[in-house]
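Participant: This structure is in C-alpha cells; I'll ask about it shortly.
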Amino acid sequence: MRTRNTNGLGLLWLFALLSLAIPSAEGAEKIGAEEVMKRAYLAEYYPGDDMKAKVLMRLVSGDGKERIREMSMLRKDLQEGGEQRYFIYFHRPPDVREMTFMVWKYPRRNADRWLFIPALKLVRRIAADDKRSSFVGSDFSYEDISGRGVEEDVHQLVREERLDGREVYVVESRPREARGTEFSRKLSWIDKTTFLPLKEEYYDTRGDLYKVFSADELKEIQGFWTITRRTMKNVQTGHRTEATFQEVRYNLKLSDTLFTERYLRAPPAEVR
C-alpha cells in the first residue's frame, strides 16, 4: 500500500497561494498604450518644477557641412502635466545672437509662441499652424521643443522588445486630426524603467519614413532621468541635428516674471 506525500502537497498549495497573493513584476508592468505615452510625456517634459540648461545644437547637412546653435533654456511648470512656460536665449552664432523664443503651453489647446528677432527689433507671434515648422533651421520643430499633447493622437501598443539592452514599449501614434500635422504616424520606443523615449520614427503623409529621433545619452540628474544628448535626423535629405544639454539643473524656484513678453527684448540675467 502506497502512502500519500502530504508534505509535498502542502508545499504545492503554499506556492499556489503565494502566486495568487503576490503579483509578478511582469504583470505589474502591463499598462495600456495611452498610459505609456502619458508617463513618457511627463518624464520628458515635466521633470522637476522648473529647469535651466545650456543647449548646444550641431546642424549637419548630408554632405557634412556644420552649423552651430548655442542657447540657454529655462522651463517652469505651472501645473504638473499642464500649463508650462519656456524661455530660450541664443548666444551664437552672430546672426541669431540675442534672439529669444518663448512658449506658453496649455493643456488641450494650442500653445502661444513668440520669437524676438533683434536685427529687426521685432517680436513675432508664431501662428498655431507653424508648430511643425523648423525651429531655427534645425530638424526639431517648434512642437518638438515643448512637446505634443498625448490627447492629440490615438495610441496603440504594438509590441514589447529590447533596444540597446533596455526593455521598451513600442507604441504607434496617429494624429486625431490630419490638419496641422506633418506626420501620418509615429513609432515610439519607450524605456520601461525611465519612461523616456529612446527612439522615435516619423512617417509622412505618403507613409514613408522621413524623420528619426534618438536619445543618445541618458543621465540621472538630481533624481530625474534626463536625455542629455539627442539627435533628430531627416532620413530623406540626410540632414541631422544633434542637441547636447549641459549644466542641467532642476527646482531652481524660477520666477513667473521671467516668462513674460517684456523679457523677450531685454532677456534676464538667468539666461545671458
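Participant: Would you mind telling me which numbered condition in (1) over 30 Å from K65 (Cα atoms); (2) of a type outside the set (G, A, S); (3) out of contact with any helix residue (DSSP H, G or I) (no Cβ under 6 Å at 6 or more places or on another chain) V123 fails?
Facilitator: Of (1) over 30 Å from K65 (Cα atoms); (2) of a type outside the set (G, A, S); (3) out of contact with any helix residue (DSSP H, G or I) (no Cβ under 6 Å at 6 or more places or on another chain), only one is false for V123: (3).
Participant: Hey, among the residues in the stretch 96-126 that are at pLDDT below 90 and either acidic (D, E) or touching an Asp or Glu at 6+ places or on another chain (Cβ under 7 Å) (or both), which one's surrounded by the fewest Cβ atoms within 10 Å (Cβ to Cβ)?
Facilitator: Taking the candidates together, the pick is R108.
Participant: Further question: Would you mind stating whether E172 is within 20 Å of E242 (Cα to Cα), within 16 Å of the chain's Cα centre (by Cα), buried (at least 16 other Cβ atoms within 10 Å of the Cβ) and of a type in the set (D, E, K, R)?
Facilitator: No.
Residue-by-condition table, conditions (1) of a type in the set (K, R); (2) closer than 19 Å to K253 by Cβ; (3) in contact (Cβ under 8 Å) with a residue 60 or more places away in the chain:
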residue: D50; (1), (2), (3): no, yes, yes
residue: M57; (1), (2), (3): no, no, yes
residue: E66; (1), (2), (3): no, no, no
residue: G81; (1), (2), (3): no, no, no
residue: F87; (1), (2), (3): no, yes, yes
residue: F101; (1), (2), (3): no, no, no
residue: P107; (1), (2), (3): no, no, no
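Participant: Here's something else I'd like to know. What's the total number of residues in the stretch 108-142 that are assigned to a strand (DSSP E or B) and not aromatic (F, W, Y)?
Facilitator: Total meeting the criteria: 14.
Participant: Hey, can you tell me all the residues within the stretch 160-171 that are free of Cβ contacts under 8 Å to residues at least 40 places away in the same chain and in a strand (DSSP E or B)?
Facilitator: Within the stretch 160-171, E160, E161, R162, L163, R166, E167, V168, V170 meet the criteria.
Participant: Just one of K253, K186 is assigned to a strand (DSSP E or B) and modelled with pLDDT of 95 or more; which is it?
Facilitator: Result: K186 is the single residue among K253, K186 that is assigned to a strand (DSSP E or B) and modelled with pLDDT of 95 or more.
Participant: Now for a different question. In the stretch 1-85, which helices (runs of 4 or more DSSP H) lie fully inside it and hold 1 or more residues that are at pLDDT below 95 and exposed (fewer than 13 other Cβ atoms within 10 Å of the Cβ)?
Facilitator: Here the list reads 6-21, 25-28.
The values are calculated or read from the model by the stated rules, or taken from the named source; none is laboratory data. Note that the coordinates shown come from a computational prediction; the quantities given were computed from them, not determined experimentally. Don't worry about glycine lacking a Cβ; one is built from the backbone with ideal geometry, like all the others, and counts go over all protein chains shown.
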